[in-house]
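Novice: Dumping the structure here so I can ask a few things about it.
The values are calculated or read from the model by the stated rules, or taken from the named source; none is laboratory data. Everything numeric in this text was worked out from a predicted model, so none of it was measured. FYI the Cβ positions are ideal-geometry reconstructions off the backbone, even for glycines, and counts take in every protein chain you see.
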Amino acid sequence: MKLYYIDQRKMFSFMQPIEVWDEQGNVRYRLKSKCTVGYQLHLLTPYDEEVASIRQKLMTMAPKFIVKVNNKELTVSLKATLKGERYCVVSDLNWKAEGFLEYRTYQITAENHQIAKVQKVEFSKGHKDVLYEALKKIAHVPINALNQGNCCEIDFSDNQNEAEVLAVVMGIEATLCVK
């Protein structure tokens with residue numbers, strides 16, 4: 001299963017919702033921000049039912065976000081190796097996101113098991129036009145966002161909790177936006 005979203009890099013500076021859609025162009029989730037001290041986001045279904053919340057943990061050395069999903073409270077933290085390579089860890093799940101985080105090309109793993117893969121995707125001209133026509137009716141995705149090649153794909157491994165993985169990916173996005 002795959003989901004898509006537009007990587008806006010400064011997604012938390014806008015107050016417009018970010019929409020996440022599936023391979024058929026159906027909006028599956030929306031991410032809305034809330035004005036508070038620190039960043040706070042809500043992952044919603046298309047029917048405005050909250051699936052998860054993501055809030056910045058203030059007063060920390062490195063960016064950290066608390067993800068509340070499925071009656072769990074997870075901490076997403078940005079870390080770096082001695083060589084300066086960045087990665088994220090997710091407490092309680094023992095998940096790790098490694099790869100080229102800044103370029104939105106990475107894998108989330110638990111030990112040697114892949115949870116999901118996130119990558120930028122490029123669309124062919126014909127596919128982009130068809131996708132845009134479908135999306136403009138249901139989502140707030142500007143065509144220039146697809147033209148700039150900043151659409152990201154989340155490819156889920158089998159039997160993963162979609163909302164949990166998506167909330168963690170958005171937590172990773174948040175850490176990258178405030179670093």
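Novice: Of these, Leu146, Leu166, Leu78, which one is at pLDDT 90 or above, surrounded by 16 or more Cβ atoms within 10 Å (Cβ to Cβ), touching a helix residue (DSSP H, G or I) at 6+ places or on another chain (Cβ under 7 Å) and of a type in the set (A, V, I, L, M, F, W, C)?
Specialist: Numbers: Leu146 fails: at pLDDT 90 or above; Leu166 fails: touching a helix residue (DSSP H, G or I) at 6+ places or on another chain (Cβ under 7 Å).
Going through Leu146, Leu166, Leu78 in turn, just one is at pLDDT 90 or above, surrounded by 16 or more Cβ atoms within 10 Å (Cβ to Cβ), touching a helix residue (DSSP H, G or I) at 6+ places or on another chain (Cβ under 7 Å) and of a type in the set (A, V, I, L, M, F, W, C): Leu78.
Novice: May I ask you to verify whether Ala97 is modelled with pLDDT of 90 or more, among the aliphatic types (A, V, I, L, M) and loosely packed, with under 15 Cβ neighbours inside 10 Å?
Specialist: Criteria not met by Ala97.
Novice: Oh, and also: Suppose we filter region 104-134 for residues that are within 17 Å of the chain's Cα centre (by Cα), at pLDDT below 85 and of a type in the set (Phe, Trp, Tyr); how many remain?
Specialist: 0
Novice: Search region 88-115 for residues that are within 16 Å of Leu3 (Cβ to Cβ) and pair each with any residue that is surrounded by fewer than 15 Cβ atoms within 10 Å (Cβ to Cβ) and aromatic (Phe, Trp, Tyr) when their beta-carbon atoms are under 8 Å apart and the residues are at least 6 apart or on different chains.
Specialist: Tyr106/Phe100
Novice: Name the single residue, out of those in region 35-45 being at pLDDT 90 or above and of a type outside the set (S, T, N, Q), that is surrounded by the most Cβ atoms within 10 Å (Cβ to Cβ).
Specialist: Step one: filter region 35-45 for residues at pLDDT 90 or above, giving 42-45.
Then keep just the ones that are of a type outside the set (S, T, N, Q); that gives 42-44.
Details: His42: 18, Leu43: 24, Leu44: 17.
Checked region 35-45; the qualifying residue surrounded by the most Cβ atoms within 10 Å (Cβ to Cβ) is Leu43.
Novice: Looking at region 78-119, what strands (runs of 3 or more DSSP E) fall wholly within it and have at least 3 residues that are closer than 22 Å to Thr60 by Cβ?
Specialist: The strands (runs of 3 or more DSSP E) meeting that bar are 86-90, 95-100.
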